[in-house]
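Have a look at this one before I ask anything.
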Amino acid sequence: MQILLTGGAGYIGSHTIIELDKAGHTVVVVDNLCNSKEEALRRVEKIIGKPVPFVRADVRDREAMDHIFKTYTIDAVIHFAGLKAVGESCEKPLEYYENNMNATFVLLDVMRRNGCKNIIFSSSATVYGDPAQIPITEECPKGHCTNPYGQTKSMLEEVLKDVQKADPEWNVVLLRYFNPIGAHKSGLIGENPNGIPNNLMPYITQTAIGIRKELGVFGNDYDTPDGTGVRDYIHVCDLAAGHVAALKAIEKKCGLAIYNLGTGHGYSVLDVVNAFERENGLKVPYSIKPRRPGDIATCYCNPAKAKAELGWQAQYEIGDMCRDSWNFQKNNPKGYEE
Ligand code: NAD
Ligand code: UFG
């Protein structure tokens, strides 16, 4: 199939191009580069050994999007484009709602006008809020999202469900990602956050390389085995492969389908620090800080549905994730340089 990746120059999108290519699909990328660099695509080209068609445009730009659909025969869209920083979304709610919602409205409208009704949407474990049950299955009710970013994911899931309900020709796959970390084993592409990282793994790698003095561990008084927050970390290459599996559901005309993409294992913040130190033979200085507002104690999934229906299962372990995250950081101490 020919797949349009919105936000395909970003962290998850760039890794997904490689998995799509391996599976024999062709891609087109649209990205406005508001949180990424074109260099990521140059590096993907190096890895796959072929050019990646790229259109620099905003998904909210109806004309530009229409032009893409008129130029290429797009069979399905993987919709990664969106703003994703939880803290920033609390400071700039309007920008987050405006970007994430409008980009999706424009995209869906342009898709249907051009007769493409197959979409995979990047959702998030955040839609479960403080989860009603652990491990989290897809049947677990959605919860209260404590930030505008999470709200956009939850609201857009409902929009996509309604669109599919009104017109059953649509095939909509909602992928609820748990916590992606790691990088492609080449060390050429990886996570390249702007400014001070919000997420745990880039903070760890930047501390290990000396850009940050020490890691702050946000709370050690949660009801977890060591008191620190527990999450379901998944290697970004496994997550990328999950999109290829989801395309098979689309080919089988799945209608609406929802999948958790995680490993099913929960690791605490200190488990991750220990695994990182052990795997890479490094020390990561840290100190305990107060809890971060909006954080929950424990979040990990039951990934059985994706295994049963898509034949997809995570392959990599926490040690692999720590090794590959470090490999990217050490090869790219300043991220992507153009
Ligand atoms: P990312 O920021 O690296 O990639 C998103 C890309 O979208 C960026 O390249 C950015 O430039 C682009 N973009 C944003 N708004 C755009 C617009 N209006 N038009 C065109 N391009 C636009 O983020 P990522 O980690 O690769 O995440 C991809 C998707 O997965 C996002 O929707 C994110 O919310 C979701 N997600 C990410 C995580 C995570 O922890 N990384 C977890 C759950 C869900
Ligand atoms: N943490 C620290 N110190 C840091 C950063 C994080 O102790 O400097 C802790 C957090 O308190 C949490 C854990 O590490 O317990 C993971 O935090 P992240 O910020 O890496 O990830 P979150 O689980 O908070 O959220 C991430 C994405 C969301 C997404 C969610 C899906 O940021 O967008 O995963 O599970 F929705």
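Residues are listed down the side, and each one gets a yes or a no for (1) within 14 Å of ligand 2 (Cβ to nearest atom); (2) of a type in the set (Ser, Thr, Tyr); (3) in contact with a Cys (Cβ under 7 Å, 6 or more places away or on another chain):
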residue	(1), (2), (3)
148	yes, no, yes
154	yes, yes, yes
173	no, no, yes
183	no, no, no
193	yes, no, no
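Quickly run through region 46-99 and pick out the residues that are within 15 Å of ligand 1 (Cβ to nearest atom) and among the basic types (Lys, Arg).
56, 60, 62, 84, 92
Among what's in region 209-237 and is surrounded by 22 or more Cβ atoms within 10 Å (Cβ to Cβ) and within 30 Å of residue 17 (Cβ to Cβ), pick the residue that is farthest from ligand 2 (Cβ to nearest atom).
237
Ok, one more. Take the residues in region 1-26 that are among the hydroxyl-bearing types (Ser, Thr, Tyr) and either near ligand 1 (Cβ under 8 Å from one of its atoms) or in a loop (DSSP other than H, G, I, E, B) (or both); name whichever of them is surrounded by the fewest Cβ atoms within 10 Å (Cβ to Cβ). Don't jump to the end; show me each part of the working.
If we filter region 1-26 for residues that are among the hydroxyl-bearing types (Ser, Thr, Tyr), which is where we start, we get 6, 11, 14, 16, 26.
The next check asks that each one be either near ligand 1 (Cβ under 8 Å from one of its atoms) or in a loop (DSSP other than H, G, I, E, B) (or both); those that pass are 6, 11, 14.
On the way: 6: 27, 11: 24, 14: 32.
This residue is 11.
Here's the yes/no breakdown for (1) at positive phi; (2) small (Gly, Ala, Ser); (3) touching a Leu at 6+ places or on another chain (Cβ under 6 Å):
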position: 113; (1), (2), (3): no, no, no
position: 119; (1), (2), (3): no, no, no
position: 124; (1), (2), (3): no, yes, no
position: 145; (1), (2), (3): no, no, no
position: 152; (1), (2), (3): no, no, no
position: 166; (1), (2), (3): no, yes, no
position: 172; (1), (2), (3): no, no, yes
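If you scan region 259-290, which residues turn out to be in a loop (DSSP other than H, G, I, E, B), surrounded by 14 or more Cβ atoms within 10 Å (Cβ to Cβ) and touching an Asp or Glu at 6+ places or on another chain (Cβ under 9 Å)? I'd like the intermediate steps shown before the answer.
We begin by selecting, within region 259-290, every residue in a loop (DSSP other than H, G, I, E, B); these are 262-266, 281-285, 290.
Filter once more, keeping what is surrounded by 14 or more Cβ atoms within 10 Å (Cβ to Cβ): 262-266, 282, 284.
Residues satisfying the conditions are 262, 263, 264, 265, 266, 284.
Then there's this: For residue 248, work out the one condition from (1) surrounded by 21 or more Cβ atoms within 10 Å (Cβ to Cβ); (2) over 16 Å from the mean Cα position of the chain (by Cα); (3) assigned to a helix (DSSP H, G or I); (4) away from ligand 1 (no atom under 16 Å from the Cβ) it doesn't fulfil.
Of everything listed in (1) surrounded by 21 or more Cβ atoms within 10 Å (Cβ to Cβ); (2) over 16 Å from the mean Cα position of the chain (by Cα); (3) assigned to a helix (DSSP H, G or I); (4) away from ligand 1 (no atom under 16 Å from the Cβ), residue 248 misses just condition (1).
Within region 27-52, work out how many residues are part of a loop (DSSP other than H, G, I, E, B) and within 21 Å of the chain's Cα centre (by Cα).
Residues of region 27-52 that are part of a loop (DSSP other than H, G, I, E, B), as a first pass: 32-37, 49-52.
From what's left, within 21 Å of the chain's Cα centre (by Cα): 32-37, 52.
Counting residues in region 27-52 that are part of a loop (DSSP other than H, G, I, E, B) and within 21 Å of the chain's Cα centre (by Cα) gives 7.
Okay, moving on. Within the group 81, 57, which residue is surrounded by 22 or more Cβ atoms within 10 Å (Cβ to Cβ) and not basic (Lys, Arg)?
On the way: 57 fails: surrounded by 22 or more Cβ atoms within 10 Å (Cβ to Cβ).
Of the residues listed, the single one that is surrounded by 22 or more Cβ atoms within 10 Å (Cβ to Cβ) and not basic (Lys, Arg) is 81.
Going through region 263-307 one residue at a time, which ones are small (Gly, Ala, Ser) and in contact with a Phe, Trp or Tyr (Cβ under 9 Å, 6 or more places away or on another chain)?
If the condition is that a residue be small (Gly, Ala, Ser) and in contact with a Phe, Trp or Tyr (Cβ under 9 Å, 6 or more places away or on another chain), then 264, 266, 268, 275, 297, 306 are the ones that fit.
Got a sec? Which strands (runs of 3 or more DSSP E) wholly within region 129-221 have at least 3 residues that are more than 16 Å from ligand 1 (Cβ to nearest atom) and either modelled with pLDDT of 95 or more or over 18 Å from the mean Cα position of the chain (by Cα) (or both)?
On the way: elements: 171-177, 179-181, 215-218.
Correct list: 215-218.
Also, I was wondering about something else. Search region 274-311 for residues being of a type in the set (Lys, Arg) and under 30 Å from residue 252 (Cα atoms), and hand back the single one that is farthest from ligand 2 (Cβ to nearest atom). Spell out the reasoning first.
Here is the first cut: in region 274-311, the residues of a type in the set (Lys, Arg) are 278, 283, 289, 291-292, 305, 307.
Filter once more, keeping what is under 30 Å from residue 252 (Cα atoms): 305, 307.
On the way: 305: 17, 307: 19 Å.
The selected residue is 307.
Of the numbered conditions (1) surrounded by fewer than 22 Cβ atoms within 10 Å (Cβ to Cβ); (2) not small (Gly, Ala, Ser); (3) not in a loop (DSSP other than H, G, I, E, B), residue 322 satisfies every one except a single condition; which is it?
(1)
Take residue 234 and tell me if it is within 16 Å of ligand 1 (Cβ to nearest atom), within 26 Å of residue 122 (Cβ to Cβ) and assigned to a strand (DSSP E or B). Can you show your working first?
Numbers: within 16 Å of ligand 1 (Cβ to nearest atom): yes; within 26 Å of residue 122 (Cβ to Cβ): yes; assigned to a strand (DSSP E or B): yes.
The answer is yes for residue 234.
Of all residues being under 29 Å from residue 95 (Cβ atoms) and in contact with a helix residue (DSSP H, G or I) (Cβ under 7 Å, 6 or more places away or on another chain) in region 42-54, which is surrounded by the most Cβ atoms within 10 Å (Cβ to Cβ)? Just the residue, please.
Residue satisfying both the conditions and the ranking: 44.
Could you give me the residue pairs with C-beta distances under 6 Å whose first residue belongs to region 116-133 and is β-branched (Val, Ile, Thr), whose second residue is assigned to a helix (DSSP H, G or I) and at pLDDT below 95 wherever it lies, and which are 6+ apart or on separate chains?
none
The values are calculated or read from the model by the stated rules, or taken from the named source; none is laboratory data. Please read all numbers here as calculations on a predicted model, not as lab measurements. All Cβ positions, glycine included, derive from the backbone under ideal geometry; neighbour counts span all protein chains shown.
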